[in-house]
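Here, each number is a calculation from the coordinates, and none is a lab measurement. No experiment lies behind these values; they were computed from the predicted model shown. Here Cβ is always computed from backbone atoms with ideal geometry, including for glycine, and neighbour counts include all displayed protein chains.
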Amino acid sequence: MKRFGLRLVAHIVVFAGPFSSCFCAETGAEAWLRYSALEQQAAKKYERLPAHIVTLNDSLVLKTAQQELIRGVGGMLGRTLRTRVVPFTEPAILLGTIEQLHTLAPVLNIPSNIRQDGYWLAHGQVQGLECVLVASLTERGVLYGVFALLRKIALGEDVLALDEVEQPSAPLRWVNQWDNLDGRIERGYAGASIFFEGGNVRTDLTRAGAYARLLASVGITGCAINNVNADPRVLSDSFLPQLVRVADVFRPWGVRLAVSVDLSAPKTIGGLDTFDPLDSRVAAWWRHKVDDIYRQIPDFGGFVVKADSEGRAGPSSYGRSPADAANVIARALQSHGGVLFYRAFVYDHHLDWRNLKNDRARAAYDIFHPLDGKFENNVVIQIKHGPIDFQVREPVSPLLDGLQHTNEAIELQITQEYTGQQRHLCFLIPMWKEVLDFDMHASTPVKDLVAGKVFQRPTGGFVGVANVGMDVNWMAHPLAMANLYGFGRLAWNPDLGANTIVDEWTRLTFGNDPLVVRTISQTQLSSWHVYESYTGPLGVGTLTNIVGNHYDPGPESSERNGWGQWHRADHEGIGMDRTMATGTGFVGQYAPDVQKLYETLAACPDELLLFFHHVPYTHLLHSGKTVIQHVYDAHYEGADAVGAYVSQWKLLKGHVDEDRYADVLTRLQYQAEQAVVWRDTIDEWFYRMSGIPDAKGRVGHTTSQHQAMVPQVRVRFLDANMGKVVLKQ
Ligand code: GCV
């Protein structure tokens, strides 16, 4: 186990430079698109940036790109770019599609390898004038190029001698929001919905438009705005005009609107007596519904389906398969270019916990692998990154390697349901990097599988469950926005390092003061391991209250019920035996090389030991510690590390605007208290279970009686979680 951040303080030299002088109050609303004024010296670098901007057509998205460039350059360099049209007589920044650029400047050596929404940023002579070029096959790609150009300026990079092509790794880069029509958000921790209120789409959609801007700035192309536990009403005729309004505010940013749909809609709102996917009346219903949507929203993205999962209606009601269900809707979408995301999160939540062979982790692969090749070409199987449910540590879902003839997308959870609910800091990019880089078989990383590159699929990609809310800074915790930013950046380029991403995000969000950048980056980068260490170490799964708020410590809650998030702790040992030899056989769902990694105790990495094996508390880890001593130590180290975050943050006083300084400080102090609650609750539970004393004499001797406390920090709409909490009671 790593020792977290303890060296950080020693590295920090208190620095009171020019950055500390003047800060305006900041709310976080602008996120990473603050465009704050560069210092004089840094701004000098851009003196030769053309003073004019030429847009090669007047489409909506190019207009947006033009306005964004004017806004960004104005903010950062204090200059107002003037708009010009062709023919122009002074050097300019040119925005246009490759085709338009080629017509304007046929001799220009335009790279031929630009695909999809990729863009070319370059410097070249057009009509004898020095120009900065931003070009793409699509208008949306030009917008992405403009955001990239602005990011480079904010980061102090050269933009006058560019010649670079940037391609997205995968065609589909979407977010999902789990917003209910009444305005609450399932697993949302930053206020009410920005889309819905009181059963309708909000009258004022300013925030929805601002969200689309944020999404576009990191290359996100689609957003499904309502909960996957979908209210069928979202498809009713009377609701459609309301969706049109959301699509209208997304469109300037090239973001396609999508909705989650309930499979029973043909019956619940459609007036049929069935929703059997093989019934021709059901197929006709979906066709008419989809045609109607596209008549009013021509760039509609498609649907997301959660079925036969956690009480949702599904094809099993008629003895049909997920392929039958997905295809009937996908066929309706096909001629319009719409996509159907069918979630692989299908499992039985009434499993018999007494049967040691039962295993929820097996479900996605057991159900979907046999259906490989049976889905229409516009169906995408949306697969959670791990086989359980966004726990703090899980192995990669074997289904990601189990579909060769079917499109897939990986589902990552940006909203921190099981990782501290934005009241604890937990920067998730390092976790996602491990997932995306994981080799599923013979040098086949997950990132290539989901992009469709391995089996030459027509589409595939990334879906992030974001759940931003009405809180002014979108995610409540000012540092949690790094997860949304990082999701977009990784979906665009999964080869980016976590350190690059956090460095970019910090500079864009808090400025370039080296002390600030170093402190925030190091804190963020260590925070996932820290959170893991005081909540659910060794792959045990989170030890949170899984039948309640998914937040407080509650190690007993996962046992003796049908939800299948079992750790199977007793007085002798702990862990799920998922081996092929003696356990549930889950390991057998992986390719042979991965099986070798997990099947034996000798090979299994410590951090996933209890996910794959049931062992005595005295089992010796590769680290040389026993399981029980590791658990004790990890909880102390984790809680100490959060304590150190507080002292490190205090060194930033005067270097960060007072509002965000105070906000983060309060949250870290709260987290430090909560980490101690977690430490003592979990360590004492392990002590009672095992009867084995802590070699360092700490556990069982705490003087205070810690209890899970009500958060002290400003967290609104705490009761906004619906769905599973209710289902589990
Ligand atoms: C939207 C987890 C969450 C549920 C969520 C579900 C899902 O179980 O607790 O709130 O439901 O995942 O992803 O469908």
Among the listed pairs 625/650; 63/384; 267/374; 384/625, which have their C-alpha atoms separated by more than 27 angstrom in this model? 625/650; 63/384; 384/625
Compare the Cα positions of 227, 148, 116 along the charge dipole of the stretch 107-240 (+1 at Cβ of Lys, Arg; -1 at Cβ of Asp, Glu; about the Cα centre) and return the one farthest towards the positive end. 227
Take the Cβ-Cβ distance between residue 273 and residue 296 as r, set R0 to 22 Å, and report the resulting FRET efficiency rounded to the nearest 0.05. 0.20
Intensity falloff of the chain expressed as log10 I(q)/I(0), Debye formula with alpha-carbon point scatterers, at q = 0.07 Å⁻¹: -0.49
Looking at 574, 585, 529, which one has the Cα that reaches farthest to the positive end of the dipole of the stretch 514-590 (charges on Cβ: Lys, Arg +1; Asp, Glu -1)? 529
Residue 203 to residue 618: extension gain in nm, 0.36 nm per residue of separation minus the Cα-Cα distance? 143.4 nm
Estimated vicinal HN-Hα couplings, Hz - the stretch 455-461 in sequence order (Karplus 6.51, -1.76, 1.60; Gly, Pro = x): 10, 6, 7, x, 8, x, x
Mean separation of Cα contacts under 8 Å (6+ apart) over length of the chain, as relative contact order %: 14 percent
With +1 assigned to the C-beta of every Lys and Arg and -1 to the C-beta of every Asp and Glu, and no other charges, what is the dipole magnitude of the chain about the Cα centre in debye, to the nearest 20? 780 debye
For residue 301, what residues show an amide H to amide H distance below 5 Å, using hydrogens built from the backbone and excluding near sequence neighbours? 257, 258
Could you tally the net charge around residue 274, taking each other residue with its Cβ under 12 Å from the Cβ of residue 274, Lys/Arg +1 and Asp/Glu -1? 0
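If the chain between residue 650 and residue 560 were fully stretched, how many nm would it gain, using 0.36 nm times the residue separation less the Cα-Cα distance? Could you put the intermediate results ahead of the total?
Numbers: separation 90, 0.36 × 90 = 32.40 nm, distance 4.44 nm.
Contour length minus the Cα-Cα distance gives 28.0 nm.
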Determine the relative contact order of the stretch 317-469: mean sequence separation of Cα pairs under 8 Å and six or more apart, normalised by residue count, in whole percent. 20 percent
Per 0.36 nm of contour for each residue apart, how much would the distance between residue 47 and residue 552 grow if the chain were fully extended, relative to their Cα-Cα spacing? 176.4 nm
One would report the antiparallel percent of DSSP beta bridges in the stretch 322-469, rounded to the nearest 5, as 5 percent
Find the all-direction average of the projected area of the Cα convex hull for the stretch 538-582, expressing the result in square nanometres with one decimal place. 3.8 nm²
Long-range amide H contacts for residue 544: which residues qualify at under 5 Å (H placed 1.01 Å from N, peptide plane, sequence gap of 5 or more or a different chain)? 554
Which ³J(HN,Hα) values in Hz, rounded to whole numbers, follow from the phi angles of the stretch 584-590 under the Karplus curve 6.51 cos²θ - 1.76 cosθ + 1.60, where θ = phi - 60° and Gly and Pro get x? 7, x, 3, 3, x, 7, 8
Along the stretch 254-259, what does the Karplus equation 6.51 cos²θ - 1.76 cosθ + 1.60 (θ = phi - 60°) give for ³J(HN,Hα), rounded to whole Hz, x for Gly and Pro? x, 9, 8, 6, 9, 9
Counting alpha carbon pairs within less than 8 Å and at least 6 residues apart, what relative contact order, in whole percent, applies to the stretch 210-305? 34 percent
Exceeding 18 Å between C-alpha atoms, which entries from my cross-link table qualify? They are 447/596; 453/596; 45/152; 44/152. 447/596; 453/596
Residue 456 versus residue 24: modelled label distance in nm, points set 7 Å from Cα along the beta carbon direction: 5.4 nm
Kindly work out what percent of the DSSP beta bridges joining two residues of the chain are antiparallel, to the nearest 5. 30 percent
Fewest-first ordering of 264, 59, 526 by Cβ atoms within 10 Å yields 59, 264, 526
Between the stretch 443-479 and the stretch 203-248, how far is it from one alpha carbon centroid to the other, in angstrom? 18 Å
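So what is the 222 nm mean residue ellipticity for the chain from helices alone, if each DSSP H run of at least 4 adds -39500 (n - 2.57) and you divide by all residues, rounding to the nearest 500 deg cm²/dmol?
Computed mean residue ellipticity for the chain: -10500 deg cm²/dmol.
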What residues have an amide H closer than 5 Å to that of residue 123, excluding those fewer than 5 places away on the same chain, when H is modeled at 1.01 Å from N in the peptide plane? 133, 162
Would you mind classifying the stretch 281-393 by shape? Square roots of the alpha carbon gyration tensor eigenvalues, ordered a ≥ b ≥ c; an a/c under 1.5 is rounded, otherwise it is prolate if a/b is larger than b/c and oblate if not. prolate
Add +1 for every Lys or Arg and -1 for every Asp or Glu among the other residues with Cβ under 10 Å from the Cβ of residue 594, and state the total. -3
